[in-house]
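Here, each number is a calculation from the coordinates, and none is a lab measurement. Values in this document were obtained by computation on a predicted structure and should not be read as measured data. Cβ sites come from the backbone with ideal geometry, for glycine too, and all protein chains shown count toward neighbours.
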Amino acid sequence: MDTMTKTKRVYNFGAGPCTLPLEALEEAQKELVSFKGAGMSIIEMSHRSKEYDAIHQETLALLKEIYGAPADFDVLIVQGGATLQFSMLPMNLLAPDKKGAYVVSGTWAKKALKDAQIYANAYTAWDGKSENYTRMPSTNELKLEEGTRYLHITSNETIGGIRFTDFPDVNVPMVADMSSDFMSRAIPWEKFDVVYGGAQKNLGPAGAAIVFIRKSVLEHTNKNVGAYLRYDIHSEKESLYNTPPVFTIHMINLVLKWVKSIGGLAAIEKRAEKRAAILYNYIDASNGYYNCPVNKANRSMMNIVFRLPSEELEAKFIAESKVAGFIGLKGHRSVGGCRASCYNALPIEGVEALVSFMDTFKKAN
Ligand SMILES: *Cc1c(COP(=O)(O)O)cnc(C)c1O
């Protein structure tokens, strides 16, 4: 079925909020005015109603099931995006005698470290600045100090277009900001105490962060912060301590059902690999006309960055791509260039069409 022409949708390569499955959008549209015959929308209903509670509990269960989280992990839905987690994490996990180690791999990692340093003792375990944040470190490059509670990593740097292809092997638990490759690949849960990400890159609209946390960690979190900032309270109340972002959660629910319907995490991962291979193979075969500036071993599957021979050509490329129906290809303002963000719901055909456009552009310019 050609979903593009049916609804006149564009291919959205934006870095976030992201493209969502058409099936999920249409389902939400159908139910928006009257949810399953209730005579009102899910966003008008009490978050204590049985209709909403069913969605809420199902969403929590689907998150764990699809991501393959072990039984000793709890999943929380917290407002404030991934950005609030930059503060909540050290507030909850770093006792005064403990330190947080941070891999500074780009813009997002830097922000995470900066916020942690407001509340706690946090330090840089590795910094990719001298190489312009074009790669991730190997385990033996990490400098961990005595008394380190966790190593914080950013699994995928959305702006730089790099990822940890293999996760570090360290003798402290890791915590990870996985915002931009959330639920796009299988992860080694045994290495992590906390895994978090904003919903709007791979899972739904903005308005929530999903936090996976090891249950044994919850027993030792700091109780001396405001209620909303406490992981243990969100856990105890099953993410219903206060009014949750019901529409965001409803959309995440529909997206997760779509993920399941196409074959779950394994299918999602295969799709991501296929999309990335199509784009990187084309870029590599373009005789340098298109050029990916990052270390090959750390190339992101989600945010594919590339340059053209000049900034003038890049501006022309971005302008013409927009007219052709490819949205969001401009690189982040801090680094320039182009970036094709290929989140979970982006169809393979979107990438095939983009490569065909890139080839036409190359021949004409
Ligand atoms: C987008 C992004 C964030 C910020 O997410 P918000 O939900 O907007 O706070 C943090 N980290 C990474 C890696 C991101 O891609």
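Quick notes
- When the range 264-364 is described by a simple charge dipole with +1 on each Lys and Arg Cβ and -1 on each Asp and Glu Cβ, the residue from C292, S334, A267 located farthest towards its positive end is S334.
- Most to least packed among 299-305, 65-71 [average Cβ atoms within 10 Å]: 299-305, 65-71
- Neighbour-count ranking [beta-carbon atoms within 10 angstrom, fewest first] of K36, K215, K110: K36, K215, K110
- Under 17 Å from K8, Cα to Cα: aspartates and glutamates that are on another chain or at least 8 residues apart: E23, E26, E349
- Separation of the range 89-132 from the range 225-257 is 25 Å, based on Cα centroids.
- A Förster radius of 30 Å combined with the Cβ-Cβ distance from A266 to A315 puts the calculated FRET efficiency at roughly 0.15.
- For the range 264-364, size of Cβ-based charge dipole, Lys and Arg +1, Asp and Glu -1, in debye: 160
- If you wrap the Cα atoms of the range 264-364 in a convex hull and average its projected area over all directions, you get 6.4 nm².
- As a proxy for reagent exposure, Y290, Y280 were ordered by neighbouring Cβ count within 10 angstrom, fewest first; the result is Y280, Y290.
- Taking every DSSP beta bridge that has both ends in the chain, the antiparallel portion is near 50%.
- Relative contact order (percent, whole number), the chain, Cα cutoff 8 Å, 6+ residue spacing: 22
- Under conditions of 25 °C and 0.890 mPa s, the chain yields 115 µm² s⁻¹ as its translational diffusion coefficient, taking Rh as the Kirkwood radius over Cα pairs in the Stokes-Einstein equation.
- Taking 7 Å steps out from each Cα toward its Cβ at I66 and E190 produces label points 2.7 nm apart.
- Taken along the Cα-to-beta-carbon direction at a fixed 7 Å, the label points for E141 and T165 span 1.3 nm.
- 20 Å Cα-Cα threshold exceeded, pairs from K260/K330; K50/K201; K201/K260; K191/K215: K260/K330; K50/K201
- Size of electric dipole in the chain: Cβ of Lys, Arg +1 and of Asp, Glu -1, about Cα centre, debye, nearest 20: 620
- Ranked F13, F361, F164, criterion: other C-beta atoms within 10 Å, fewest first: F361, F164, F13
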